[in-house]
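Structure, as structure tokens:
We did not get these values from a lab; they are worked out from the coordinates using the rules stated. Please read these numbers as outputs of a predicted model, since none were measured by experiment. Here the Cβ positions follow ideal geometry from the backbone for every residue, glycine too, while neighbour counts run over all protein chains shown.
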């Protein structure tokens, strides 16, 4: 059990942390270029504050490489290829590497045709969607990114009690004249990663975002784990969950439907299905016109009178980008449990760990050096 001091996140230089994650992945036999991409995406997720989809995932990734559940070599197979559309079989290759390659393909095609779309079946887990949204939006392009997990079921359709969908996140990167707008949401009220973490820690959710086997709302993540058979509620919850239900169906159509691989397939249905679409505003009314519209909207949102208890209205991604800038200066905060898991992985693979940063008081946040 951690003391109050020990429970505080340890801080590490972002570049050192990325290099460390890259060393772990290459020690696990992932090619260096792919390890660099995966490490970069995971650390970027932590920088943006999406820590359930950051380095917390790395021990699982390493275990899946060892067990053969992630493929580290080879290339995606082309299922279909048209000027503005490409479909791949990802063969369980590293998800962040695949998505970055898909973004490159879609962006190149968008700059020719105005839009480019890449559909992927059987990708490995792709981590934090906001990471890709930021990179595309800062290039003056619009990104639409959706993913679903055909092998996973934790969300019931509205009105039902049996898990059918995955949380099926959807993201959008929107360029403006200033900071990009980063939309990254699940079609359910919460995620598997968060409920799993809270269950391990013996904690409850902040609201009743789940239902038990009878359909009764609850804040206890234990209902999602055997022998219980509860589910996560779709966006809208018990009152307006038809909205999230509709979004779940939309994501299924854009991912599994277009990729031709999903819940109807027999067997293990290993791997995620992904929809990557890039739009080039220059091919429509022009990037300047696009930014003018979005800048006006952004300003109107920020100047909107705040509700009681709210200091000001923020845009999606604004807090994450602020946190990213702060953590690039002061170090990336990593939770003690994640530090322990990464330290164990490093010891197993014979990889040196990075040094922790000094606190503002001039002392290490933890007495032991490194992870």
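Counting Cα-Cα pairs of the chain in 10 Å increments starting at 0 gives whole-percent bin shares of 5, 22, 31, 28, 12, 1.
Extending 7 Å from Cα along the Cβ direction at residue 349 and again at residue 111 yields two label points whose distance is 3.3 nm. Here the translational diffusion coefficient of the range 60-172 follows from Stokes-Einstein with Rh set to the Kirkwood radius across Cα pairs; for 37 °C and 0.692 mPa s it amounts to 214 µm²/s.
Every helix of 4 or more DSSP H residues in the chain counts as -39500 (n - 2.57), and over all residues that averages to -11500 deg cm²/dmol at 222 nm. Highest mean packing comes first when the peptides 222-229, 187-194, 61-68, 151-158 are listed by Cβ atoms within 10 Å, giving 187-194, 151-158, 61-68, 222-229. For the range 53-105, report the % of Cα-Cα distances exceeding 15 Å. Value for the range 53-105 (Cα pairs over 15 Å): 54 percent. Each of residue 293 and residue 60 was given a label point 7 Å from its Cα along the Cα-to-Cβ line. The distance between the two points is 3.7 nm.
Over the C-alpha atoms of the range 190-232, the Rg to Rh ratio, Rh being the Kirkwood estimate, stands at 0.91. Put in line by how crowded their Cβ is, counting other Cβ atoms within 10 Å and starting with the fewest, 44, 105 read 105, 44.
Peptide packing: for 299-305, 174-180, 23-29, 34-40, the average count of neighbouring Cβ atoms within 10 Å per residue gives the ranking 34-40, 23-29, 174-180, 299-305, highest mean first.
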